[in-house]
């Protein structure tokens with residue numbers, strides 16, 4: 001599987017180019033693939049890298065147009081992030097329905113973005129995520145005060161320790177993603193990481209913007225991992241309560257990267273749902 005994923009990634013890089021445009025005064029980069037009347041907006045995970053979703057982009061672009069953005073390093077607030085995504089949609093998906101996908105960090109982003117575009121969204125798919133938590137915002141604020149003072153190598157060492165826990169596993173798929181994220185961390189700067197956390201703090205603090213009455217009641221698929229160390233069972237229950245109309249699919253495994261290590265199963269569940277909507 002690992003060598004197969006290396007081959008898939010190399011093929012993806014050879015066949016997809018990155019588009020660069022300015023939205024809300026900030027330069028964004030994104031990948032566009034496929035064609036069709038429907039547009040699928042595929043938001044990235046916490047690293048903010050569109051390419052990380054290469055298996056999903058390659059699968060979905062066979063049936064529809066896919067837009068996969070990366071999050072700019074200098075976006076440091078939720079408003080900036082949502083304004084940029086608004087600009088991206090206006091430029092690349094001005095007409096037609098949108099299917100919105102976000103997982104983990106971007107599962108939270110999607111909950112805010114859909115309130116801006118509820119009239120255009122045809123379906124919502126979010127995985128391995130939770131709901132805003134003010135208590136986490138306080139803890140993250142304390143954390144980034146210390147992180148902002150770290151040397152870059154200190155941040156890399158800290159993240160390497162965290163990833164060793166999050167990416168724990170001995171399959172060939174785990175091996176591929178462990179190597180991939182090692183490269184991601186090597187490129188990360190302290191200001192970029194702090195900005196990414198600042199957006200998360202905003203999302204945790206501004207939960208009142210997406211509390212009931214819920215702005216979205218359309219077709220929704222929630223994907224979750226039964227033993228997710230980052231989002232508790234209580235948070236996942238809160239998410240289900242927020243979208244009572246949603247279909248839920250639970251993967252009975254441990255860890256937070258099921259969407260990467262078991263992506264063929266994830267994609268199959270998503271494609272079956274999308275085919276109906």
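The values are calculated or read from the model by the stated rules, or taken from the named source; none is laboratory data. The model shown is predicted, which means the values in this text are computed figures rather than measured ones. Note that we place each Cβ from the backbone using ideal geometry, even for glycine, and neighbour counts take in every protein chain shown.
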Near pairs, Cβ below 7 angstrom, 6+ apart or cross-chain, from the stretch 135-146 (within 13 Å of residue 203 (Cα to Cα)) to any residue that is surrounded by 13 or more Cβ atoms within 10 Å (Cβ to Cβ): 136/204; 137/201; 137/204; 137/205; 140/197; 140/200; 140/201; 141/201
The one condition in (1) in contact with a strand residue (DSSP E or B) (Cβ under 6 Å, 6 or more places away or on another chain); (2) surrounded by fewer than 16 Cβ atoms within 10 Å (Cβ to Cβ) that residue 224 fails to fulfil: (2)
Hey, residue 243 in contact with a strand residue (DSSP E or B) (Cβ under 6 Å, 6 or more places away or on another chain), closer than 24 Å to residue 208 by Cα and at pLDDT 90 or above or not: yes
Residue 21 being touching a residue at least 60 places away in the same chain (Cβ under 8 Å), farther than 23 Å from residue 270 by Cβ and surrounded by fewer than 19 Cβ atoms within 10 Å (Cβ to Cβ): yes
Among (1) surrounded by fewer than 19 Cβ atoms within 10 Å (Cβ to Cβ); (2) within 27 Å of residue 203 (Cβ to Cβ); (3) in contact with a strand residue (DSSP E or B) (Cβ under 9 Å, 6 or more places away or on another chain) - the single one residue 15 does not satisfy: (2)
Elements of type helices (runs of 4 or more DSSP H) in the stretch 161-273, at least 3 residues being within 30 Å of residue 150 (Cα to Cα) and without any contact (Cβ under 8 Å) to a residue 60 or more places away in the chain: 172-187, 190-205
